[in-house]
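Every number here is computed from the coordinates shown, using simple stated rules; none is lab data. All values derive from a computational prediction rather than experimental measurement.
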Amino acid sequence: MGEQEIVKFAVVGCGRIGTRHVTMIMENPEAELVAIIDTNPLVEEKAKSIDVPFYSSLELYLQEGPHAHVITIATPNGLHASQAIQALTAQRHVVIEKPMALHKADAEAIIAKSNEVDREVFVVMQNRYSPPSVWLKEIVESKKLGNIYMVQLNCYWNRDERYYHAGNWHGDKDLDGGTLFTQFSHFVDMLYWLFGDITNIEARFADFNHNLVTDFEDSGIISFELVNGGQGSINYSTAVFEQNLESSITIIAENGSIKVSGQYMNEVEYCHIKDYEMPQLPETNPSNNYGTYKGSAANHSYVIQNIADVLKSRGPITTNAQEGLMVVDIIERIYLKNPFFNS
């Protein structure tokens, strides 16, 4: 792609997160939104209001719509793999909202198709752009901490009947996939991005107050060993009363200890490292605000810019398909221990 060429996007799925993509594409001078695709006829009015062609299905768009270099998949999780493969088959690059897929085999099929057609696959893990995340990556990769002893992730959010309501795909096992896929895959990604793969997984699960609104657990306690050395745990829940409590990571290592906390792993709460002075980090973007609930950091503008940079040969993909696959693989291996998924 030429340096002056505009990157053209079509967005499939215009719910809350798809709308975020639409906004960020329209605000980027190197990007152009050429189509919105959604099964909800109400979205057609939204498309008209911003003068963008609307299509009621991906099939119809691919048959009749204007060309896009990139197709963004922001539909329910269970549709990501099939729609990504459909877009790749049509020779388009794809952007897939987290999670990449709900099964490792489906993620592998996406990668196989992308290799076959020589098109890029971008997986959205926008928390990697948060200043504390960038700082953590530098600290871990520089080996300043020495050997890693223990890593603990705590993810305590609220998702109640305001989120899981009738007619919504959230809570459906086949479309949602589960709490780790929909709410906390960003933090599983952070674990993998910083420390690599895990093994010797043990897990306990509970459904404290979601049994009437979801097909799966709302809470879990996971323990594991890091393949590269050390041990860790993930404690998570969406049964927190009324509002999100925290997302945090604590690292205990040979040469120091770190805790990054806040509601969205957005504040360095503690840093004590041998012969190291903590720098002043830039401000973290606020969380995505969806009205009745909040999500992770509003960093999608960086995702859109990364796509333009990659297609114009300026730099690498921030989260590539293999990394997206590994997050799916880790969550799937955790869920193999889950009676809610094996009953």
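Given the range 128-285, what count of lysine pairs have C-alpha atoms under 22 Å apart, with each pair 8 or more places apart or on different chains?
7
Classify the range 7-123 from the C-alpha gyration tensor, please: rounded if a/c falls under 1.5, else prolate or oblate depending on whether a/b exceeds b/c.
Cα axes put the range 7-123 in the prolate bin.
Can you tell me the orientation of helix 80-89 relative to the chain, as the angle in degrees between its alpha-carbon axis and the longest Cα principal axis, to the nearest 10?
Once rounded, the angle reads 50 degrees.
Taking square-rooted eigenvalues a ≥ b ≥ c of the alpha carbon gyration tensor, is the chain rounded, prolate or oblate, where a/c under 1.5 means rounded and, failing that, a/b exceeding b/c means prolate?
prolate
Can you spot the aspartates and glutamates whose alpha carbon is less than 20 Å from K113's alpha carbon? Ignore those fewer than 8 places along the same chain.
E59, E97, E323, D329
For the chain, modelled as a Gaussian network with Cα springs under 10 Å, which listed residue fluctuates most, S223, S142, S185?
Checking each option, the largest mean-square fluctuation is seen for S142.
Using Cα positions and a limit of under 29 Å, work out the lysines in reach of K48, with same-chain residues fewer than 8 apart set aside.
Qualifying lysines at Cα under 29 Å: K8, K98, K294.
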